[in-house]
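Computed from the coordinates by the stated procedures, all read-outs in this text should not be read as laboratory data. Predicted, not measured: the structure shown is a model, and the values here were computed from it. A quick note on method: Cβ atoms are made from the backbone with ideal geometry, for glycine too, and the neighbour counts reach across all protein chains shown.
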Amino acid sequence: MQQELEKILAYWVKYTVDDKFGGFVGKIDNDNNVYTKAPKGSVLNSRILWSFSSAYNLTKKVQYLQMAERAFKYITNYFIDKDYGGVYWTVDYIGKPLDTKKQIYALSFAVYGLSEYHLAAEDEDAKRLAIELYETIVKYSYDKVNGGYIEALTREWKEIDDLRLSAKDANEKKSMNTHLHVLEGLANLYRIWPNATLKERITELINIFLNHIIDPKTNHLILFFDEQWNQKGDIQSYGHDIEAAWLMQEAAEIIHDEALIEKVKQRSVKIADAASKGLDKDGGLWYEYNANENHLIKEKHSWPQAEAMVGYFNAWQTTNEQHYLQQSLKSWHFIKNYILHKDKGEWYWGITDNYSPMQGQDKVGLWKCPYHNSRACMEINKRITKLNDKSKN
């Protein structure tokens, strides 16, 4: 895991730094062609900030802190909306605002990255900005009647017609994906700012998952909702299932709520079992299944494989049942065999059902970041280290 982490981050150091226009380039294709004039995404930059900050916190390599500082400066100089607050969705290649809508998902990743950077650099400006963005999320997006967070608003925080994160998403007021990463961001903020009200919001979010987002019949995550938490659509995302299985448990552990931890542990294992319905015999995890149409999307994207490594390792730690550990290892073997781009570095976006790399996808882009893969390496690394320390004691 340590070696793979170093390989991933070495790729980002070598290819993604934008020496001409600042920050990091917005797009690199599978053949490592750099698109110097591609838009730059706030999610990409926040995930770069988190990845290098977290890697520095683990390894203390100065180069990682320098990369994190570069990301922090670019975010504060170009992505923060100085007039209305929040972060832009995209800027152009020279840093001029492009898509200015306020996607709560993007604000949450900024909170996530800034909190990790504060842990790395002890930068008080990063902490202040993380708290400010958290308060902005609550002020404009929180649903005081039904609980949870509205997906998106205009730059000026007005209602918006198109709330989607991407073209493939349903245009609904609330989504599992945004709530998962609001939870992730707020939990990381709590590590540097153990505020009582923040703890209440994290607890509420976990209970929203337990009461609304996890399907009580199937234990899959429901992906989209209206404001009143009525289900919209019936698509199952195996990668999000296994990611939520461990992130939800981590959040409960961060706020030290023992009763909630036990409740979440039980549900987390059930979610992991539900995700297992998407496993192929080669150890890979299929992308999505449309239950209404009985249609499996026969692609294996890279990020669900990374989350499977952690999610099944977590299930093993929770239950001590060996088949979960074996699946975590199988996920890693699948990644080594099919997802690593051995000639040109980093990971493919994904593969098709005939094991060929998916065409026309980014190596670096608005969605392809050093986040799922580096996090999996670090998370497994930390968990094994803790187990070794326990065995020594």
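Could you work out the local net charge near D241, counting Lys and Arg as +1, Asp and Glu as -1, over the other residues with Cβ closer than 12 Å to its Cβ? The answer is -2. For the range 1-65, taking the reciprocal of the average inverse distance between every pair of different Cα atoms yields a Kirkwood hydrodynamic radius of 12.6 Å.
Which listed residue (V145, I206, A275) has the Cα farthest towards the positive end of the charge dipole for the chain, taking +1 on Lys and Arg C-beta and -1 on Asp and Glu C-beta about the Cα centre? Sorting the options by dipole projection puts first A275.
Return the Rg/Rh value of the range 205-282, two decimal places, where both radii are evaluated on C-alpha atoms and Rh is the Kirkwood radius. Could the numbers behind the result be given before it?
Details: Rg = 12.7 Å, Rh = 12.9 Å.
Radius of gyration over Kirkwood radius for the range 205-282 works out to 0.99.
For the range 142-266, relative contact order (Cα pairs under 8 Å, six or more residues apart, normalised by length) works out to 24 percent.
Please report, in debye to the nearest 20, how large the charge dipole of the range 53-151 is about its Cα centre when each Lys and Arg carries +1 at its beta carbon and each Asp and Glu carries -1 there. Show your work: numbers first, answer last.
Working: 12 positive and 14 negative charges, 28 e Å.
For the range 53-151, the charge dipole is close to 140 debye.
A straight Cα-to-Cα reach below 14 Å connects K7 with the aspartates and glutamates D343, E346, residues fewer than 8 places away in its own chain not being considered.
How big, on average over all directions, is the shadow cast by the Cα convex hull of the chain, in nm²? Working shown, then result.
Numbers: hull surface 73.9 nm².
The Cα convex hull of the chain, projected and averaged over all directions, gives 18.5 nm².
How many angstrom lie between the Cα centre of the range 90-134 and the Cα centre of the range 256-319? After rounding, the separation between the Cα centres reads 29 Å. Computed over the chain, the per-residue total of -39500 (n - 2.57) for DSSP H runs of n ≥ 4 gives a 222 nm mean residue ellipticity of -17000 deg cm²/dmol, rounded to 500.
Using Cβ point charges alone (K and R +1, D and E -1), the dipole size of the range 97-250 about the Cα centre works out to roughly 220 debye.
Taking every full run of DSSP H in the chain, the ones that stretch at least 15 Å from end to end by Cα along their long axis and average -1.0 or higher on the Kyte-Doolittle scale are 2-15, 42-59, 62-74, 104-121, 124-141, 176-192, 196-208, 238-254, 258-275, 302-319. Which listed residue (T352, V364, N388) has the Cα farthest towards the positive end of the charge dipole for the range 334-393, taking +1 on Lys and Arg C-beta and -1 on Asp and Glu C-beta about the Cα centre? Toward the positive end, the furthest listed residue is N388.
Residues with beta-carbon under 15 Å from that of D29, excluding D29: net charge, scoring Lys, Arg +1 and Asp, Glu -1? Please list the in-between numbers first.
Working: positive: K27, K37, K344, K363, K368; negative: D31, D343, E346, D362.
That works out to +1.
Packing here is the average count of other Cβ atoms within 10 Å per residue, and on that basis the peptides 333-346, 277-290, 301-314, highest first, run 301-314, 277-290, 333-346. Computed from the C-beta positions of S391 and K270 and an R0 of 35 Å, the FRET efficiency is 0.75 to the nearest 0.05.
Taking 7 Å steps out from each Cα toward its Cβ at D353 and R164 produces label points 2.4 nm apart. Here the relative contact order of the chain, from alpha carbon pairs under 8 Å that lie six or more residues apart, stands at 17 percent. Approximating the spin labels as points 7 Å out from Cα along Cα→Cβ, the W193-to-L98 distance works out to 2.9 nm. Positive-end ranking of H256, F334, A130 along the dipole of the chain, with charges on Cβ about the Cα centre, is headed by F334.
For the range 172-287, with only Lys/Arg (+1) and Asp/Glu (-1) charged at the beta-carbon, what is the dipole magnitude about the Cα centre, in debye rounded to 20? Mind showing how you got there, number by number?
On the way: 13 positive and 18 negative charges, 19 e Å.
Once rounded to the nearest 20, the dipole reads 100 debye.
Protection proxy ranking of 87-94, 352-359, 251-258, 51-58, by the mean of other Cβ atoms within 10 Å over each peptide's residues and highest first, is 51-58, 87-94, 251-258, 352-359. Give me the net charge for the shell around E132: Cβ to Cβ below 11 angstrom, other residues only, Lys and Arg +1, Asp and Glu -1. Net charge around E132: +1.
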